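Participant: My questions will all concern the structure given below.
The values are calculated or read from the model by the stated rules, or taken from the named source; none is laboratory data. Note that the structure is predicted; figures quoted are calculated from it, not measured. Cβ atoms come from the backbone with ideal geometry, glycine included; neighbour counts cover every protein chain shown. These accessible areas exclude ligands, DNA and RNA; they are computed on the full protein's heavy atoms, side chains included. Shrake-Rupley method; radii C 1.70, N 1.55, O 1.52, S 1.80 Å.
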Amino acid sequence: MLNIVITGAPGSGKGTQSELIEKEYNLFHISTGDMLRAEIKAGSEIGKKAESIIAEGKLVPDEVMIAMLRKQVLDHKDACGFIFDGFPRTVVQAEELDEMLAELNAKVDVLLCMEVAHETLVERLLNRGKTSGRADDNLETIEKRLAVYTENTLPVIEFYKKSGRFSKADNNSTVENCFDQIKNIINAHI
Ligand code: AMP
């Protein structure tokens, strides 16, 4: 199994790069943001709880996310591996992910951190907001999401650094340029 976590601030291109990685390495793509948006659309209990949290740019509670992720992983445990997009966002989630994969005799092989300048993130998210229909792609929520990322998710990066699983890709230029860097990183792990 090859398991990759992709992280980076909102607007850093995680979704786009995850789709390319999924195809190139035949991994199962788990986007917790997409899963939550599907729950909202379906009008489920989780969706109802998550809707306002997402619109405010805050994080959905760990226990909800961990249960959701566990189910998705177990339902697809025969996959060649996973690309985790948007999870873990807290250290508690990162620890749980390690435990979950250990139960499958697997591990997170590498954390890919997408690096993009702050102004570019805001610009890309505002542009995306024109067509995405996402309640959280507006200036106020964008700034909030960036602050939440710094507070909760930067410690996740430290967690992977400590265990020697951190790598970074510069995504200030083109999609292709970033994907070339990512392929070099992943190929060094397989
Ligand atoms: P994303 O599509 O990854 O930008 O996620 C959109 C929103 O969903 C985030 O701003 C959070 O409110 C929520 N969310 C997604 N993944 C997680 C997670 N792993 N933990 C907590 N909240 C999450």
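Participant: As an exercise: evaluate GLU63 against (1) within 11 Å of the ligand (Cβ to nearest atom); (2) outside any helix (DSSP H, G or I); (3) open to solvent by 70 Å² or more (accessible area, probe 1.4 Å); (4) not small (Gly, Ala, Ser) and give the number of the one condition it does not meet.
Facilitator: It fails just one condition, (2).
Participant: Condition (residue is among the charged types (D, E, K, R), over 15 Å from the mean Cα position of the chain (by Cα) and farther than 23 Å from GLU19 by Cβ) applied to segment 106-126: is it met by at least one residue?
Facilitator: Looking for residues that are among the charged types (D, E, K, R), over 15 Å from the mean Cα position of the chain (by Cα) and farther than 23 Å from GLU19 by Cβ, one finds at least one in segment 106-126, hence yes.
Participant: Now for a separate question. Only one of LYS14, LYS23 is of a type outside the set (Val, Ile, Thr) and either more than 19 Å from ASP136 (Cα to Cα) or open to solvent by 60 Å² or more (accessible area, probe 1.4 Å) (or both). Can you tell me which? Give the derivation first.
Facilitator: Values: LYS14 fails: either more than 19 Å from ASP136 (Cα to Cα) or open to solvent by 60 Å² or more (accessible area, probe 1.4 Å) (or both).
When all the criteria are applied, what remains is LYS23.
Participant: Quick check, is LEU36 within 22 Å of ASP170 (Cβ to Cβ) and hydrophobic (A, V, I, L, M, F, W, C)?
Facilitator: no
Participant: Can you report the number of residues in segment 116-137 which are without any contact (Cβ under 8 Å) to a residue 12 or more places away in the chain and either at positive phi or in contact with a Gly (Cβ under 7 Å, 6 or more places away or on another chain) (or both)?
Facilitator: 1
Participant: Of all residues in segment 154-190 being of a type in the set (D, E, K, R) and within 19 Å of ALA9 (Cβ to Cβ), which is surrounded by the most Cβ atoms within 10 Å (Cβ to Cβ)?
Facilitator: If we take residues in segment 154-190 being of a type in the set (D, E, K, R) and within 19 Å of ALA9 (Cβ to Cβ), then LYS168 is surrounded by the most Cβ atoms within 10 Å (Cβ to Cβ).
Participant: Could you tell me which numbered condition VAL148 fails, if it satisfies all but one of (1) open to solvent by 60 Å² or more (accessible area, probe 1.4 Å); (2) hydrophobic (A, V, I, L, M, F, W, C); (3) near the ligand (Cβ under 10 Å from one of its atoms)?
Facilitator: The failed condition is (1).
Participant: Hey, another quick one. From the list ALA50, ALA102, ALA94, exactly one residue is touching a Leu at 6+ places or on another chain (Cβ under 6 Å) and not β-branched (Val, Ile, Thr). Which is it?
Facilitator: After applying the criteria, what remains is ALA50.
Participant: Same structure again: So which pairs qualify, if the first residue must be in segment 68-94 and farther than 22 Å from LYS49 by Cα, the second must be more than 14 Å from the ligand (Cβ to nearest atom) and open to solvent by less than 10 Å² (accessible area, probe 1.4 Å), the Cβ gap must be under 6 Å, and the two must be at least 6 apart or on different chains?
Facilitator: What qualifies is GLY81/ASN3; PHE82/ASN3; ILE83/ILE4; ILE83/ILE21.
Participant: Hey, another quick one. Kindly list the number of the only condition in (1) more than 11 Å from the ligand (Cβ to nearest atom); (2) under 14 Å from the mean Cα position of the chain (by Cα) that fails for TYR25.
Facilitator: (2)
Participant: Could I ask something else about it? When you scan segment 26-50, how many residues do you find that are surrounded by fewer than 18 Cβ atoms within 10 Å (Cβ to Cβ) and under 20 Å from ASN152 (Cβ atoms)?
Facilitator: 2
Participant: Condition test on MET100, is it open to solvent by less than 30 Å² (accessible area, probe 1.4 Å), more than 23 Å from GLU140 (Cα to Cα), without any contact (Cβ under 8 Å) to a residue 40 or more places away in the chain and more than 11 Å from the ligand (Cβ to nearest atom)? Working first, answer last.
Facilitator: Values: open to solvent by less than 30 Å² (accessible area, probe 1.4 Å): yes; more than 23 Å from GLU140 (Cα to Cα): yes; without any contact (Cβ under 8 Å) to a residue 40 or more places away in the chain: yes; more than 11 Å from the ligand (Cβ to nearest atom): yes.
In short, yes.
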